[in-house]
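Below is one structure, written out as structure tokens, with a few remarks after it.
The values are calculated or read from the model by the stated rules, or taken from the named source; none is laboratory data. Model, not experiment: these values are computed from the prediction. Here Cβ is always computed from backbone atoms with ideal geometry, including for glycine, and neighbour counts include all displayed protein chains. Surface areas here come from the heavy atoms of the whole protein model, side chains and all, with no ligands, DNA or RNA. Shrake-Rupley method; radii C 1.70, N 1.55, O 1.52, S 1.80 Å.
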Amino acid sequence: MPKTLESNGKCAFCNNLFSASEIEKHLGSCEIRKTSWETVPTEPLSKKEAKKIGTIFGLRVWASYDHSYWLFLEADAEAFLEDLDDFLRAIWLECCGHLSAFTIGENRFEGGGDMFSGGSEGQSMHIRLGKVLSPGLTAHYEYDFGSTTDLDLEVIWEREGKRNKEKISILARNESQGFKCVTCSKPAAVICSECSCEYEKEALYCDRCIKKHKCGEDMSLPVVNSPRMGVCGYAG
Ligand SMILES: [Zn+2]
Ligand SMILES: [Zn+2]
Ligand SMILES: [Zn+2]
Ligand SMILES: [Zn+2]
């Protein structure tokens, strides 16, 4: 478990801002989430209704090397690991279709790119979350085996509930961090991908100051709310 998630984030239900340490507790008690949260009715269910009930996992996801990037998600146990891969790519990672992998215990599940045309060691991600996840379990995720973005995730709850059409939904996410230009302290718009390998936070510039930066404007990438900011061609 990540002992110290940092930065604030918003609850997707009530839109209120919480610190990283408060948000999980809040999700359990958010009044708006409770009303939108479709719990299992107690009366005997018709067959049709029963089909809509399933296991849902609560997931906490964070960037392994920068705990200010985090997500709280819920995922249908019937969803596949590849759905979770797609979700993480869409919200945080996808730049040019790199390979990715989940490591869960001894098992490695690989996806993306042309993985299965080559000699891969890993298993396919075409496996249901219910087969590989359980409460308390932690897993590691890598996107791009060259300039890797590392994530960790933990299954923080399991509940029975009405299935959402979207197999994976977002409960809360860190707010963007309000980075400032290292030269003039105005809000940063870009990050120099050349300099960001060394010290990410010293490679941030506003639109004007990047024009005078030694590496040139061509090396710059937009500032985005993602642990892949400034890496490869990631533009959000
Ligand atoms: Zn809330
Ligand atoms: Zn890339
Ligand atoms: Zn500036
Ligand atoms: Zn630079």
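Miscellaneous remarks
- At a probe radius of 1.4 angstrom, the accessible area of the chain per residue rounds to 53 square angstrom.
- Average silhouette area of the chain, convex hull of alpha-carbon atoms, in square nanometres: 14.9 nm²
- Share of carbon and sulfur in the accessible area of the chain stands at 49%, probe radius 1.4 Å.
- Counting only protein chain heavy atoms and rolling a 1.4 Å probe, the accessible areas of 157, 62 rank, largest first, as 157, 62.
- Across the chain, C-alpha contacts under 8 Å between residues 6 or more apart give a mean separation that, scaled by the residue count, equals a relative contact order of 22 percent.
- Heavy atoms of residue 201: accessible area, 1.4 Å probe, square angstrom to 10: 100 Å²
- In terms of packing, defined here as the mean over residues of other Cβ atoms within 10 angstrom, the peptides 28-35, 178-185 line up highest first as 178-185, 28-35.
- Compared with the dominant principal axis of the Cα atoms in the chain, helix 20-29 is inclined by about 20°.
- For region 177-236: relative contact order, % (alpha-carbon pairs under 8 angstrom, 6 or more apart): 31 percent
- Rounded accessible area of residue 102 (nearest 10 Å², 1.4 Å probe): 0 Å²
- Among 158, 78, 166, the residue with the largest mean-square fluctuation in a Gaussian network model of the chain, with springs joining Cα atoms closer than 10 Å, is 166.
- Derived from the Cα gyration tensor, the three semi-axes of the equivalent ellipsoid of region 177-236 are 15, 13, 10 Å, largest first.
- Most mobile of 46, 19, 220 in a GNM of the chain (Cα contacts under 10 Å): 46
- Heavy-atom accessible area ranking, 1.4 Å probe, most first, across 57, 18: 18, 57
- Working from Cα pairs under 8 Å separated by at least six residues, relative contact order for region 1-93 is 23 percent.
- Solvent-accessible area of residue 223, all protein chains in place: 40 Å² (probe radius 1.4 Å, heavy atoms, ligands and nucleic acids excluded).
- CD proxy at 222 nm, helix term only [per DSSP H run n ≥ 4: -39500 (n - 2.57); per residue of the chain; nearest 500]: -3500 deg cm²/dmol
- For the chain, a simple Cβ point-charge model (Lys and Arg +1, Asp and Glu -1, everything else neutral) yields a dipole of about 840 debye relative to the Cα centre.
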